[in-house]
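Novice: Got a structure for you, questions after.
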Amino acid sequence: MTLRRLAVAAAACLSLLASGAANAAELAGHRAIYTLTLDTTHGGDISAASGTMAYEVQDACDGWATRQRLKMTITNHDGQDVQMLSDYTTWESKDGLKLRFRMRQTTDDAVTSDLAGDAALGANGRGGQAHYSTPDDKTKDLPEGTLLPMQHTILLLKAAAEGKKFMAVPLFDGTSADGAQDSSIVISGWSSAPAGDQEELKPLASGKFHIAFFDRGAEHQQPDYEVSMRYWDNGVADDLSMNFGDFVMAGKLAEFKLLPSGC
């Protein structure tokens, strides 16, 4: 995977953390910092990798505002370090029909991707359009059933609470210039048993989720990238595993704070 594609994949994984709960009114506004460590490598030129991932979800009354930053250092077998930074912000309406997004990525201080725009969906899963203002002015049609990132996770958590084990839906989150992607989700171990080290989360139900992303219309059936995590039913995540193809990064929740609603 190229470094540019890695950055896009990382931002898309981040977008899943800006999540909701089974009832959007129960979404936990919060600030979290994750430590990232190299888990495994699958060949390629990666010998070491580490970093941090931070994000914040705030109740903006008529929507949810997020900012997410990923910093990662990747070392190749020649001992050369590459510094990667991804900065991703969104606002999503609480009805799940409108999204504003901005993603800027740099590799060793060189800008590798800069995307900005907005999206609007029709009611009752009718699809919609994404409009990009950066780097070029263009519009992409979004297929029927497309979900924005908050609603994607709301549906995912509702499915877990209802005992479902699998779902597949298109997702648009603004991390790709190509429009929506297909997502395939496997859910396991949904339980009210205590999990994790955070006292605020232990009383909540949680489970494991594995999400694979596919480029729409691609001829091959292999996922573009994959991510696994534990989700609590208020949308907070931990025990991340981000599979970028050549290597897998593990993420642990290092700092966590619930944020009160300002509404």
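The values are calculated or read from the model by the stated rules, or taken from the named source; none is laboratory data. Source: prediction; values computed, not measured. As a convention, Cβ positions derive from the backbone with ideal geometry for all residues, glycine included, and neighbour counts pool all protein chains shown.
Novice: Just need a number here: residues in region 161-213 that are among the polar types (S, T, N, Q) and part of a strand (DSSP E or B).
Specialist: Total satisfying the criteria: 6.
Novice: Which of the residues belonging to region 26-42 are within 8 Å of PHE247 (Cα to Cα) and of a type outside the set (Asp, Glu)?
Specialist: Passing the criteria: LEU38, THR40, THR41, HIS42.
Novice: For GLY189, state whether it is on the phi > 0 side of the Ramachandran plot, in contact with a Gly (Cβ under 7 Å, 6 or more places away or on another chain) and surrounded by fewer than 20 Cβ atoms within 10 Å (Cβ to Cβ).
Specialist: So GLY189 fits the description; yes.
Novice: Taking region 242-263 as the search range and keeping residues that are under 18 Å from HIS42 (Cα atoms) and of a type in the set (A, V, I, L, M, F, W, C), which one is surrounded by the fewest Cβ atoms within 10 Å (Cβ to Cβ)?
Specialist: Out of the qualifying residues, it is ALA250.
Novice: For region 127-153, which residues satisfy the criterion of being under 19 Å from SER93 (Cα atoms), of a type in the set (S, T, N, Q) and assigned to a strand (DSSP E or B)?
Specialist: Residue satisfying the conditions is GLN129 alone.
Novice: Among the candidates ALA119, ALA110, ALA177, which residue alone is at negative phi and free of Cβ contacts under 8 Å to residues at least 12 places away in the same chain?
Specialist: Just one listed residue meets the conditions, ALA110.
Novice: Return yes or no: is LEU16 modelled with pLDDT under 90, in contact with a strand residue (DSSP E or B) (Cβ under 7 Å, 6 or more places away or on another chain) and either within 26 Å of GLN83 (Cβ to Cβ) or not in a strand (DSSP E or B) (or both)?
Specialist: For LEU16, the condition - modelled with pLDDT under 90, in contact with a strand residue (DSSP E or B) (Cβ under 7 Å, 6 or more places away or on another chain) and either within 26 Å of GLN83 (Cβ to Cβ) or not in a strand (DSSP E or B) (or both) - is met.
Novice: Would you confirm, using the coordinates I've provided, whether SER113 is out of contact with any Phe, Trp or Tyr (no Cβ under 7 Å at 6 or more places or on another chain), surrounded by 14 or more Cβ atoms within 10 Å (Cβ to Cβ) and closer than 26 Å to THR153 by Cβ? Let's see the steps before the verdict.
Specialist: Numbers: out of contact with any Phe, Trp or Tyr (no Cβ under 7 Å at 6 or more places or on another chain): yes; surrounded by 14 or more Cβ atoms within 10 Å (Cβ to Cβ): yes; closer than 26 Å to THR153 by Cβ: yes.
Spelling it out, SER113 is indeed out of contact with any Phe, Trp or Tyr (no Cβ under 7 Å at 6 or more places or on another chain), surrounded by 14 or more Cβ atoms within 10 Å (Cβ to Cβ) and closer than 26 Å to THR153 by Cβ.
Novice: Right, another one. From the list LYS140, LYS71, LYS164, exactly one residue is of a type in the set (Lys, Arg) and within 20 Å of ASP215 (Cβ to Cβ). Which is it? Spell out how you get there, then give the answer.
Specialist: Numbers: LYS71 fails: within 20 Å of ASP215 (Cβ to Cβ); LYS164 fails: within 20 Å of ASP215 (Cβ to Cβ).
Only one candidate qualifies: LYS140.
Novice: Within the group ASP239, ASP215, ASP233, ASP182, which residue is in contact with a Leu (Cβ under 7 Å, 6 or more places away or on another chain), surrounded by 15 or more Cβ atoms within 10 Å (Cβ to Cβ) and modelled with pLDDT of 85 or more?
Specialist: Exactly one residue qualifies, and that residue is ASP233.
Novice: To continue, here is another question. Quick one: which strands (runs of 3 or more DSSP E) lie wholly within region 215-263 and hold at least 1 residues that are in contact with a helix residue (DSSP H, G or I) (Cβ under 7 Å, 6 or more places away or on another chain)?
Specialist: So the answer is 225-232, 237-243.
Novice: Still on this model: Based on this model, can you work out whether MET1 counts as modelled with pLDDT of 85 or more and either closer than 22 Å to HIS77 by Cα or surrounded by 20 or more Cβ atoms within 10 Å (Cβ to Cβ) (or both)?
Specialist: When the stated conditions are applied, MET1 does not pass them.
Novice: If only one of THR75, THR106, THR66 is under 15 Å from PRO149 (Cα atoms), in contact with a strand residue (DSSP E or B) (Cβ under 9 Å, 6 or more places away or on another chain) and among the polar types (S, T, N, Q), which one is it?
Specialist: Only one candidate passes the filter, namely THR66.
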